[in-house]
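This report concerns only the one structure given below.
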Amino acid sequence: MPPWPDFRCVVSANGTPKGDLFVLAEAVMRRKNNFSYLFGPSDECGRIQVPAKELWARAEDERRAYLMDFADPSTEFSGTVKFAPVPLVQLAAAIKAYDVHSIGFPDAYPTGYREQLLRSVKMIETSLRGQTLKLAVEMTGGFQVKVEVAETVA
């Protein structure tokens, strides 16, 4: 694999960094499906690290498990990674997916993952609902890729 860059994200609402939130990182492929993963939660300063090693290891594991659905990221990566803060509806979907898949694959999720997602839901429901979540992304190391950043309404 080439030297992929690491990403540092900061999630904010109304110009203030926010903790307990997640980002969706999507590595865009030239063919077949893109690789999309949640990273987080953000710390009290809104920071989330997206290490290249973890992003591409997840992609390679998923590709090996579903060869018909995913192309090899080392040869089919388009050069674009999309990032977006994760809104309430996607958090609910992530919790539902966890509840279904963690039964058969308990090691597929980090310890405390469901609880972290629930904290993020609570943060949005109690203080961020309807606000626009913004994201700043910085690349470090590796080769340069195109980064696309989206805003999300919590």
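Readers should treat all values here as calculations from the given coordinates under stated rules, not as data from a laboratory. If you're wondering where the values come from, they're calculated on a predicted model, not measured in any experiment. We place every Cβ from the backbone using ideal geometry, glycine too, and count neighbours over all the protein chains shown.
General observations
- Measuring gaps between exposed loop sites in the chain (chymotrypsin sites (Phe, Trp or Tyr not before Pro); DSSP loop; at most 16 other Cβ atoms within 10 Å), the longest gap, sites not included, is 67-142.
- Each Lys or Arg adds one and each Asp or Glu subtracts one; over the other residues with Cβ under 13 Å from the Cβ of VAL153, this totals +1.
- With θ taken as phi - 60° and the Karplus curve 6.51 cos²θ - 1.76 cosθ + 1.60 applied, the whole-hertz 3J(HN,Hα) list for the range 10-16 is 10, 9, 9, 9, 6, x, 10 Hz, x standing for glycine and proline.
- Span-rule helices in the chain, defined as complete DSSP H runs reaching 18 Å or more along the axis (Cα) with Kyte mean at least 0.5: 88-104
- Over every Cα atom in the range 1-50, the radius of gyration and the widest Cα-Cα span, Dmax, amount to 13.0, 39 Å.
- Beta bridges per DSSP with both ends in the range 6-153, % antiparallel, nearest 5: 90 percent
- Long-range amide H partners of LEU21 with built H, under 5 Å: SER42
- When the chain is treated as a GNM with alpha-carbon contacts under 10 Å, the residue of VAL11, VAL100, VAL121 showing the greatest mean-square fluctuation is VAL100.
- Sites excluded, trypsin sites (Lys or Arg not before Pro) in DSSP loops with at most 16 other C-beta within 10 Å, longest stretch of the chain: 33-128
- Rounded, prolate or oblate (a/c below 1.5 giving rounded, otherwise prolate when a/b exceeds b/c) for the chain by Cα gyration tensor: oblate
- Loop-located GluC sites (Glu not before Pro) in the range 58-154 whose Cβ has at most 11 other Cβ within 10 Å (DSSP): GLU151
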